[in-house]
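Asks: Please read through the structure below; I'll follow up with questions.
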Amino acid sequence: MKAPMPQGQQQMNIDISQTKDLFCVACKNPYFKKSLRLKHMSAILSPSGEAMLIPVEVLICEKCEKEFNPDESFKQLSEETGESDTEISGSIVDIK
Ligand SMILES: [Zn+2]
């Protein structure tokens, strides 16, 4: 017996063991906290014609408080899992 799928909702079977952790690109910490950035939109650019404050949710590294950037982390992940992963893994690049 199979329960009918709820309308408009797609069931996805996600195997969490098949996923990869993304780390902070600066300190390799895997934990992030939610934070809000406030964006100011000037009256000229605003659709309402009035200046607006727009809260934007971002993820901040728990450790070094660098803002999580998905592009950087994906790039790092692909570099680490790429063909030269044996060379890169285990070595920590010291950025000054
Ligand atoms: Zn960090």
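Asks: Just the residues that are near the ligand (Cβ under 10 Å from one of its atoms) and either closer than 11 Å to residue 22 by Cβ or part of a loop (DSSP other than H, G, I, E, B) (or both), please, taken from the range 64-76.
Replies: Selection gives 64, 65, 66, 68.
Asks: Suppose the filter is modelled with pLDDT under 95 and in a loop (DSSP other than H, G, I, E, B); does residue 54 pass it?
Replies: no
Asks: Another question, if that's okay. May I ask you to verify whether residue 73 is surrounded by 14 or more Cβ atoms within 10 Å (Cβ to Cβ), out of contact with any helix residue (DSSP H, G or I) (no Cβ under 8 Å at 6 or more places or on another chain), at pLDDT below 95 and at negative phi?
Replies: yes
Asks: All but one of (1) within 16 Å of the ligand (Cβ to nearest atom); (2) loosely packed, with under 12 Cβ neighbours inside 10 Å; (3) assigned to a loop (DSSP other than H, G, I, E, B) hold for residue 47; which doesn't?
Replies: (1)
Asks: Suppose we keep only residues that are surrounded by 12 or more Cβ atoms within 10 Å (Cβ to Cβ) and not aliphatic (A, V, I, L, M) within the range 50-63. Which one would you say is farthest from the ligand (Cβ to nearest atom)?
Replies: 62
Asks: Just give me the residues in the range 29-61 being closer than 23 Å to residue 79 by Cβ and either without any contact (Cβ under 8 Å) to a residue 12 or more places away in the chain or more than 13 Å from the chain's Cα centre (by Cα) (or both), in sequence order.
Replies: 30
The values are calculated or read from the model by the stated rules, or taken from the named source; none is laboratory data. Computed from a prediction, not measured in an experiment: that's the story for all the values here. Positions of Cβ are generated from backbone atoms using ideal geometry, with glycine treated the same way; all protein chains shown enter the neighbour counts.
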